[in-house]
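The values are calculated or read from the model by the stated rules, or taken from the named source; none is laboratory data. From a predicted model like this one, the values you see are computed outputs, not experimental measurements. All Cβ positions, glycine included, derive from the backbone under ideal geometry; neighbour counts span all protein chains shown. For the accessible areas, the whole protein counts, side chains as well, though only heavy atoms, and no ligand, DNA or RNA atoms are used. Shrake-Rupley method; radii C 1.70, N 1.55, O 1.52, S 1.80 Å.
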Amino acid sequence: MRRLTRRSPSTVIYIAHITAVEVTSAVARRRKGRTLTVAKASSILHRFRQHLAGRYTIIEITPALFNEAIRLANTHALRAYDAVQLAAALEINQKEQDAGFAPVTLISADQALNDAATAEGLTVDDPRSHP
């Protein structure tokens, strides 16, 4: 994942604001399950918060984005946060293309989300396909 998102002048990393909840939850669950030490979990969350503050472009969850997520959840039977992530990706993709930029690529290791994104016309990159 780091290689895919390494900072370069031409790379912009967009994340839905709810990603902060998803990442925190995932790390906390691994800490609780003892697959991450307290120190490692703390380090991961500290670094993530630093990236939130300056490296990532945050996509806010607006009523329009929320309504699109509802449509996507219904159409593709997605989990709730996956539908929000896809709605955010579709929104930023449209904005980027309207501004004359190349389409965005959704980076996801979730097959159901990837299938839905592809069906909605997004390019997808699964980090599991990069050894």
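Below, the figures for the structure above:
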| read-out | value |
| --- | --- |
| Among the residues listed as T5, T57, T11, the single one being within 23 Å of A102 (Cα to Cα), in contact with a Phe, Trp or Tyr (Cβ under 6 Å, 6 or more places away or on another chain) and at pLDDT below 95 | T57 |
| Scan of segment 35-55 for residues that are open to solvent by 70 Å² or more (accessible area, probe 1.4 Å) and either in contact (Cβ under 8 Å) with a residue 60 or more places away in the chain or within 15 Å of T19 (Cα to Cα) (or both), ordered by number | H46, R47, R49, Q50, A53 |
| Condition broken by G33, with the remaining ones in (1) farther than 18 Å from L122 by Cβ; (2) within 17 Å of the chain's Cα centre (by Cα); (3) small (G, A, S) satisfied | (2) |
| Segment 114-131, subset within 25 Å of S25 (Cα to Cα), assigned to a helix (DSSP H, G or I) and in contact (Cβ under 8 Å) with a residue 40 or more places away in the chain, residue least open to solvent (accessible area, probe 1.4 Å) | A116 |
| Evaluation of V38 against (1) within 18 Å of the chain's Cα centre (by Cα); (2) more than 23 Å from R128 (Cα to Cα) (one fails), failing number | (1) |
| Any pair with Cβ under 7 angstrom, 6 or more apart, that starts in segment 99-113 at a residue that is in contact (Cβ under 8 Å) with a residue 12 or more places away in the chain and under 16 Å from H130 (Cβ atoms) and ends at one that is open to solvent by less than 50 Å² (accessible area, probe 1.4 Å) and part of a loop (DSSP other than H, G, I, E, B) | L106/L122; S108/D126; A109/D126 |
| All positions within segment 100-113 that are open to solvent by 80 Å² or more (accessible area, probe 1.4 Å) and either under 15 Å from H17 (Cα atoms) or not in a helix (DSSP H, G or I) (or both) | F101 |
| Residue check for V27: free of Cβ contacts under 8 Å to residues at least 24 places away in the same chain and either aromatic (F, W, Y) or open to solvent by 60 Å² or more (accessible area, probe 1.4 Å) (or both) | no |
| Residue selected from segment 56-99 under the condition β-branched (V, I, T) and farther than 12 Å from L113 by Cβ, by the criterion surrounded by the fewest Cβ atoms within 10 Å (Cβ to Cβ) | T57 |
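Yes/no per residue for (1) of a type in the set (K, R); (2) farther than 25 Å from F101 by Cβ; (3) part of a loop (DSSP other than H, G, I, E, B); (4) at pLDDT below 90:
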| site | (1), (2), (3), (4) |
| --- | --- |
| I15 | no, no, no, no |
| V21 | no, yes, no, no |
| V27 | no, yes, no, no |
| K40 | yes, yes, no, no |
| A53 | no, no, no, yes |
| I61 | no, no, yes, no |
| L65 | no, no, no, no |
| N74 | no, yes, no, no |
